[in-house]
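What follows is a single structure, written as structure tokens, with notes after it.
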Amino acid sequence: MNKILHSEKQSLLFRDRWIRYIHALQDTICTALEKADGALRFVEDRWERTENGGGGKTRLINDGKLFEKGGVNTSVVFGKVTDAMRTQLKIDGSSWFACGLSLVIHPLNPFVPTVHANWRYFELYNDHDETIDRWFGGGTDLTPYYLFADDARHFHQTLKKTLDPFGAGLYPKYKKDCDAYFANHHRNEEMRGIGGIFYDYLRPAGDADAEQLFAFQEANGNVFLEAYLPIAEKRRNMPYGEKEIQWQEIRRGRYVEFNLIHDRGTLFGLKTNGRTESILMSLPPRARWIYDYQPEPGGLEEELLQVCLHPKEWI
């Protein structure tokens with residue numbers, strides 16, 4: 001009994017540390033993005049779950065000089081495992097806890113890429129409130145509308161540099177997993193962008209391994225701004241016109257399709273009675289669908305599409 005109580009106390013301390021880290025990271029990222037935009041500040045919407053437990057802080061930015069729409073959200077939520085979760089999410093237990101940060105930034109200029117990232121931690125409990133499973137997941141990926149090889153290499157190299165201290169084989173594996181995950185399977189596996197890294201169900205074997213995974217998650221969260229902001233700053237003042245806006249909106253349509261059809265985070269939030277406004281914050285403010293649209297052969301738009309259809313090794 002004492003061993004079980006000690007284990008559960010350690011679990012609570014671990015969760016508290018993760019919650020504090022996620023909230024601090026939200027502050028850091030929002031401050032940096034506000035500074036980069038130069039016009040607007042994030043507006044915070046605090047919310048609580050009425051049916052189960054927990055809540056979150058949704059922070060939004062709209063109609064800025066650099067960022068047309070963006071959100072940097074944190075949530076700390078828990079509840080009972082429902083039949084829908086068992087059937088559709090393959091989660092089997094009595095209750096659960098989840099905490100994470102999720103962000104999506106949609107820039108105004110079509111030459112600046114959209115970016116997504118999330119870092120999360122999940123625990124599953126039995127009828128006696130004992131932890132029976134836990135795991136980390138997350139990653140970040142880049143969705144450009146026009147391809148710049150230097151930007152792609154910078155983004156991927158920054159992520160690789162962060163992962164290498166934790167294992168030389170992690171970047172190639174998680175890059176491949178990202179290419180496979182962020183694809184519209186209903187469109188011949190067309191990726192929504194040029195990928196990044198993606199990982200899920202990283203289960204610690206014990207307390208020491210849990211600390212290693214915690215450090216791994218921290219490293220990935222802390223490097224996000226270094227990976228993305230230099231690209232946004234480099235491209236923000238490039239001139240563009242109606243042609244580039246139309247292509248941006250078409251590619252944003254692909255982004256919408258992935259998020260609503262395939263994304264596990266979106267499905268998890270909706271299936272657990274999450275806050276719909278915060279979950280769908282990831283959708284762009286503008287998108288377009290043109291029947292059987294084909295970009296001009298040899299053009300910059302086709303160059304981007306070919307990379308989405310045939311993922312490249314950027315390093």
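The values are calculated or read from the model by the stated rules, or taken from the named source; none is laboratory data. What you see is a predicted model, and the numbers here were worked out from it, not measured in a lab. Ideal geometry is used to build each Cβ from the backbone, glycine not excepted, and the neighbour counts take in all protein chains shown. All accessible areas refer to the heavy atoms of the entire protein, side chains included, with ligands and DNA or RNA removed. Shrake-Rupley method; radii C 1.70, N 1.55, O 1.52, S 1.80 Å.
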Residue, least open to solvent (accessible area, probe 1.4 Å), within the range 250-263, restricted to residues that are more than 18 Å from Gly71 (Cβ to Cβ) and modelled with pLDDT under 95: His262
How many of the residues making up the range 268-282 are surrounded by fewer than 17 Cβ atoms within 10 Å (Cβ to Cβ) and either touching a Phe, Trp or Tyr at 6+ places or on another chain (Cβ under 6 Å) or of a type outside the set (D, E, K, R) (or both)? 4
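Looking at Gly93, Gly55, Gly71, can you tell me which residue is modelled with pLDDT of 85 or more, open to solvent by less than 60 Å² (accessible area, probe 1.4 Å) and either basic (Lys, Arg) or within 28 Å of Asn237 (Cα to Cα) (or both)?
On inspection, the qualifying residue turns out to be Gly71.
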Out of Ile231, Ile197, report the one residue that is open to solvent by less than 50 Å² (accessible area, probe 1.4 Å), of a type in the set (Val, Ile, Thr), within 18 Å of Lys160 (Cα to Cα) and part of a helix (DSSP H, G or I). Ile231
Residues of the range 68-95 classified as aliphatic (A, V, I, L, M) and touching a strand residue (DSSP E or B) at 6+ places or on another chain (Cβ under 7 Å), total: 5
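Filter the range 163-193 down to the residues that are touching a helix residue (DSSP H, G or I) at 6+ places or on another chain (Cβ under 6 Å) and open to solvent by 20 Å² or more (accessible area, probe 1.4 Å) and list them by number.
Hits for the range 163-193 are Phe166, Leu170.
Every residue, every condition in (1) under 30 Å from Pro295 (Cα atoms); (2) acidic (Asp, Glu); (3) within 21 Å of the chain's Cα centre (by Cα), yes or no:
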residue: Val76; (1), (2), (3): no, no, yes
residue: Ser94; (1), (2), (3): no, no, no
residue: Ala98; (1), (2), (3): no, no, yes
residue: Leu108; (1), (2), (3): yes, no, yes
residue: Asn126; (1), (2), (3): no, no, no
residue: Asp133; (1), (2), (3): no, yes, no
residue: Asp179; (1), (2), (3): yes, yes, yes
Would you mind telling me which numbered condition in (1) surrounded by fewer than 19 Cβ atoms within 10 Å (Cβ to Cβ); (2) within 24 Å of Lys65 (Cβ to Cβ); (3) touching a residue at least 40 places away in the same chain (Cβ under 8 Å); (4) touching an Asp or Glu at 6+ places or on another chain (Cβ under 9 Å) Trp247 fails? (1)
Hey, any hits in the range 132-153 for a residue that's in a helix (DSSP H, G or I), more than 28 Å from Val76 (Cα to Cα) and open to solvent by less than 20 Å² (accessible area, probe 1.4 Å)? yes
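Against the definition (more than 30 Å from Phe78 (Cβ to Cβ) and hydroxyl-bearing (Ser, Thr, Tyr)), how does Thr158 come out, yes or no?
So Thr158 passes the test.
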What residue, of Pro285, Pro297, is open to solvent by less than 80 Å² (accessible area, probe 1.4 Å) and part of a loop (DSSP other than H, G, I, E, B)? Pro285
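Every residue, every condition in (1) of a type in the set (Ser, Thr, Tyr); (2) at positive phi, yes or no:
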site	(1), (2)
Lys69	no, no
Lys80	no, no
Ser95	yes, no
Asp129	no, yes
Arg134	no, no
Residue by residue through the range 12-42, note down the ones that are farther than 24 Å from Trp135 by Cβ and of a type in the set (D, E, K, R). Asp27, Glu34, Lys35, Asp37, Arg41
Would you be able to say whether some residue in the range 261-280 is of a type outside the set (Ser, Thr, Tyr), outside any helix (DSSP H, G or I) and in contact with a helix residue (DSSP H, G or I) (Cβ under 7 Å, 6 or more places away or on another chain)? yes
